[in-house]
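J.: Let me give you the structure first, and then I'll get to my questions.
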Amino acid sequence: MASGLVLVVDDEPDIRSTVKEILEDEGYQVIAAENAAAAREARRTARPDVVLLDIWMPDLDGISLLREWSASGALSCPVIMMSGHGTVETAVEATRLGAYDFVEKPISLAKLLLTIERARDANRLKRENDGLRQQLALPLEPVGSSKIMTALRAQLERLAQHETGILIYGEPGTGKESIARWLHERSTRRSGPFIAVATGSIPRAHLVSALFGAESADGVQQGLLEQANGGTLYLDEVAELDPELQQRLSSVLERRALVRSGGSAPAPLDLRVIASTAQNLEAQVKAGRFREELFYLLNVVPLQVPPLSRRSEDVPELLRLYADFFANRDHLPYRHFPVDVQNRLRNYGWPGNVRELRNLVQRLLVMGSADQVSLDEVETALGHAPANAPPPPGPPAAVSGGIDFSLPLREAREQFERLYLLRQLQEAGGSVGKLAKVVGMERTHLYRKLRDLGVDVKSVARDE
């Protein structure tokens, strides 16, 4: 495999030089450190794929240094311990602290090379397994036989072979992260990490160190950008970054190096960046809310993911996909979606896109037991009264103007918001664009609010 970076930490010059020469002959890049201080500095300025760490050193022994690295969080790469007179207790302690393996001196170079290769393979498999657990075995490839999805897959095949930056546009729930993962798996960087960053979910106080890392007297914390070295960094909803972070990210991507918070020396970066947004970034740039230089760095190739409402012919295929998935993963009974149900769902507006469809299928499999899903079940799951349902009872005495004042504050507020938005939507003729202007909300957030409150925009538009 080779071509990785190995940090060799040993106080004996002959061993350092010999191991360095052998590894370089095998195609590795090598950094040599003669003591713990030099090893700390090497980890601070570079991101090794494997560390070879001698146990007995004059200033600080290898076990203490390994303990120091482990205390600052999970080890960022495999550590292989080396010793000429180690004990069973030492080997056990090194393993407990996270060491991958233990190599005795005099070193068998054949065994050392095999151990390094296995350590890198194990680390790569761990990253892949972490990614698979996040995906929960769902197919990465965008699903659908519609013309618009067939064209999208052809475009993705071409983009996967290049290193250019990609900005994925699409409504919430359209599967932007799955597409980014698919691009990574088809690229030349597929053996490297895929690091997904949900910019809106990290508290502002921690976002700088989370992205760019930090340095202190206690050690080095590698940020998400460094963790993506050799692979792909995915920035979800990049428009939510504040101006200061936009400027810093732009500088880092331009220079292909970063300086950690509290540090001074630049750490090199080798990664591909894929970003996504549900907003019109070009309009944000014109309005001065998004930095132009970062926009052009990310938007080398714009990629538009269609909402589910624009490819309704794919709905039956997606229903079968998720029914199979949840039946296998959650051991639920498989349920069929008859033609009348498929047609109803093809004509539904899907404000939550594929994510909403997936949740709907899971709910129908959990809540029902019949072999086929009924139309009434679907209407109930969508928040609509079935056609043959009895009329709802009259309002209780505690209700005024449609609001039940006996409810807790949160539920009463949701009830009011639903009634308010329904009324405004009706007056807007079912137009969410007009509604957004009236209520003063950004359209993407308004769609999410309507979905959460169970307001079906399409049904309101049909009633007009």
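The values are calculated or read from the model by the stated rules, or taken from the named source; none is laboratory data. Being a predicted model, the structure only gives us computed values, none of them experimental. With ideal geometry, Cβ positions are generated from the backbone for all residues, glycine too; neighbour counts draw on all protein chains shown. In case anyone asks, the SASA skips ligands and DNA or RNA and just uses the protein heavy atoms, side chains included. Shrake-Rupley method; radii C 1.70, N 1.55, O 1.52, S 1.80 Å.
J.: Within the stretch 291-308, does at least one residue satisfy the condition of being assigned to a loop (DSSP other than H, G, I, E, B), without any contact (Cβ under 8 Å) to a residue 60 or more places away in the chain and either buried (at least 20 other Cβ atoms within 10 Å of the Cβ) or of a type outside the set (Ser, Thr, Tyr) (or both)? Full working, then the answer.
T.: Applying the first criterion (assigned to a loop (DSSP other than H, G, I, E, B)) to the stretch 291-308 yields 291, 299-300, 305-307.
Within this subset, residues satisfying the condition of being without any contact (Cβ under 8 Å) to a residue 60 or more places away in the chain are 291.
From what is left, the residues that are either buried (at least 20 other Cβ atoms within 10 Å of the Cβ) or of a type outside the set (Ser, Thr, Tyr) (or both) are 291.
Checked against the condition, which is being assigned to a loop (DSSP other than H, G, I, E, B), without any contact (Cβ under 8 Å) to a residue 60 or more places away in the chain and either buried (at least 20 other Cβ atoms within 10 Å of the Cβ) or of a type outside the set (Ser, Thr, Tyr) (or both), the stretch 291-308 yields at least one hit.
J.: Could you please let me know if Leu321 is surrounded by 14 or more Cβ atoms within 10 Å (Cβ to Cβ) and either of a type in the set (Asp, Glu) or not in a helix (DSSP H, G or I) (or both)?
T.: Working: surrounded by 14 or more Cβ atoms within 10 Å (Cβ to Cβ): yes; either of a type in the set (Asp, Glu) or not in a helix (DSSP H, G or I) (or both): no.
It is false that Leu321 is surrounded by 14 or more Cβ atoms within 10 Å (Cβ to Cβ) and either of a type in the set (Asp, Glu) or not in a helix (DSSP H, G or I) (or both).
J.: Sticking with this one: Is it the case that some residue within the stretch 71-87 is surrounded by 15 or more Cβ atoms within 10 Å (Cβ to Cβ), assigned to a helix (DSSP H, G or I) and modelled with pLDDT of 90 or more?
T.: no
J.: Residue under question is Leu345, and the condition is that it be within 30 Å of Thr174 (Cβ to Cβ), touching an Asp or Glu at 6+ places or on another chain (Cβ under 6 Å) and modelled with pLDDT of 90 or more; does it hold? Please lay out each step first, then the result.
T.: Working: within 30 Å of Thr174 (Cβ to Cβ): yes; touching an Asp or Glu at 6+ places or on another chain (Cβ under 6 Å): no; modelled with pLDDT of 90 or more: yes.
No.
J.: Another question, then. Those residues that are part of a helix (DSSP H, G or I) and either buried (at least 16 other Cβ atoms within 10 Å of the Cβ) or over 23 Å from the mean Cα position of the chain (by Cα) (or both), I need them from the stretch 329-354; list them, please.
T.: In the first step, residues of the stretch 329-354 are kept if they are part of a helix (DSSP H, G or I); the result is 329, 339-346, 353-354.
Listed by number, the residues that qualify are Val339, Asp340, Val341, Gln342, Asn343, Arg344, Leu345, Arg346, Asn353, Val354.
J.: Got a number for residues in the stretch 263-288 being open to solvent by 70 Å² or more (accessible area, probe 1.4 Å) and outside any helix (DSSP H, G or I)?
T.: Residues of the stretch 263-288 open to solvent by 70 Å² or more (accessible area, probe 1.4 Å): 264, 266, 268, 270, 280, 282, 286.
So of that shortlist, the ones also outside any helix (DSSP H, G or I) come out as 264, 266, 268, 270, 280.
Of the residues in that region, 5 qualify.
J.: On to the next question. Could you grab me the full set of residues in the stretch 355-381 that are under 30 Å from the mean Cα position of the chain (by Cα) and open to solvent by less than 20 Å² (accessible area, probe 1.4 Å)?
T.: We begin by selecting, within the stretch 355-381, every residue under 30 Å from the mean Cα position of the chain (by Cα); these are 355-367, 381.
Leu357, Leu360, Val361, Leu364, Leu365 - these are the residues of the stretch 355-381 that are under 30 Å from the mean Cα position of the chain (by Cα) and open to solvent by less than 20 Å² (accessible area, probe 1.4 Å).
J.: Here is a further query. Go through the residues of the stretch 244-258 one by one and say whether even a single one is assigned to a loop (DSSP other than H, G, I, E, B) and hydrophobic (A, V, I, L, M, F, W, C). Write out each step before concluding.
T.: Our first condition is that a residue be assigned to a loop (DSSP other than H, G, I, E, B); within the stretch 244-258, this holds for 256.
Keeping just the survivors that are hydrophobic (A, V, I, L, M, F, W, C) gives none.
No; the residues of the stretch 244-258 include none that is assigned to a loop (DSSP other than H, G, I, E, B) and hydrophobic (A, V, I, L, M, F, W, C).
J.: Would the stretch 35-46 turn up any residue that is touching a helix residue (DSSP H, G or I) at 6+ places or on another chain (Cβ under 7 Å), open to solvent by 30 Å² or more (accessible area, probe 1.4 Å) and touching a residue at least 40 places away in the same chain (Cβ under 8 Å)? Explain how you work it out, then say what you get.
T.: If we filter the stretch 35-46 for residues that are touching a helix residue (DSSP H, G or I) at 6+ places or on another chain (Cβ under 7 Å), which is where we start, we get 36, 39.
Next, from what is left, pick out any that are open to solvent by 30 Å² or more (accessible area, probe 1.4 Å): none.
Looking for residues that are touching a helix residue (DSSP H, G or I) at 6+ places or on another chain (Cβ under 7 Å), open to solvent by 30 Å² or more (accessible area, probe 1.4 Å) and touching a residue at least 40 places away in the same chain (Cβ under 8 Å), one finds none in the stretch 35-46, hence no.
J.: I've got another one for you. Which residue pairs have Cβ atoms closer than 6 Å, lie 6 or more positions apart in sequence or on different chains, and pair a first residue in the stretch 96-110 that is modelled with pLDDT of 85 or more with a second residue that is open to solvent by 60 Å² or more (accessible area, probe 1.4 Å)?
T.: The qualifying pairs are Leu97/Arg67.
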